[in-house]
Amino acid sequence: MDCWARSARCSAARRNSGRNLKDGLDSLVDRFRTAGHGEKADSWVSSGDNAGIEESELETALGADTLDELAAKTGLSRAEILNRLKTTLPDTIHRLTPDGRVPSESEAKTLV
């Protein structure tokens, strides 16, 4: 791939990064709400303390297909993925929502 094509792809990725992050955060938090773990997910977005989450709750919210896809792409076991997400997901979402809400598309661009 020539330099121009790489540059165009990178430019498009940067333009969409804010929308992708915003949509991804919205979707992820909604998955936890739908699975009955909305209070925990909302605590990660809020400016207060983060509620912990159990591996079984993560598994319910994310679903088997998502976990299988992550395992296939990373080479990690489902158990290892769940263990890592249990310790990193709440803080990661908290850091990506610094104003206690999912950022707008333009705000999200500054976070990536």
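Things worth noting here:
- Pair list, Cβ < 9 Å and 6+ apart or interchain, from segment 95-109 residues that are at positive phi to residues that are buried (at least 18 other Cβ atoms within 10 Å of the Cβ) and among the β-branched types (Val, Ile, Thr): GLY100/VAL45
- Subset of segment 75-112 that is assigned to a helix (DSSP H, G or I) and of a type in the set (Ser, Thr, Tyr) - its residue that is farthest from the chain's Cα centre (by Cα): SER106
- Tally, over segment 27-39, of residues that are open to solvent by 50 Å² or more (accessible area, probe 1.4 Å) and part of a helix (DSSP H, G or I): 6
- Filter result (open to solvent by 60 Å² or more (accessible area, probe 1.4 Å) and either among the hydrophobic types (A, V, I, L, M, F, W, C) or touching a Ser or Thr at 6+ places or on another chain (Cβ under 6 Å) (or both)) within segment 40-78: LEU70, ALA72
The values are calculated or read from the model by the stated rules, or taken from the named source; none is laboratory data. Just so it is clear, the model here is predicted, and its values are computed rather than measured. Positions of Cβ are backbone-derived with ideal geometry, glycine not excepted, and every protein chain shown enters the neighbour counts. Keep in mind that these areas ignore ligands, DNA and RNA; they rest on the heavy atoms of the full protein, side chains included. Shrake-Rupley method; radii C 1.70, N 1.55, O 1.52, S 1.80 Å.
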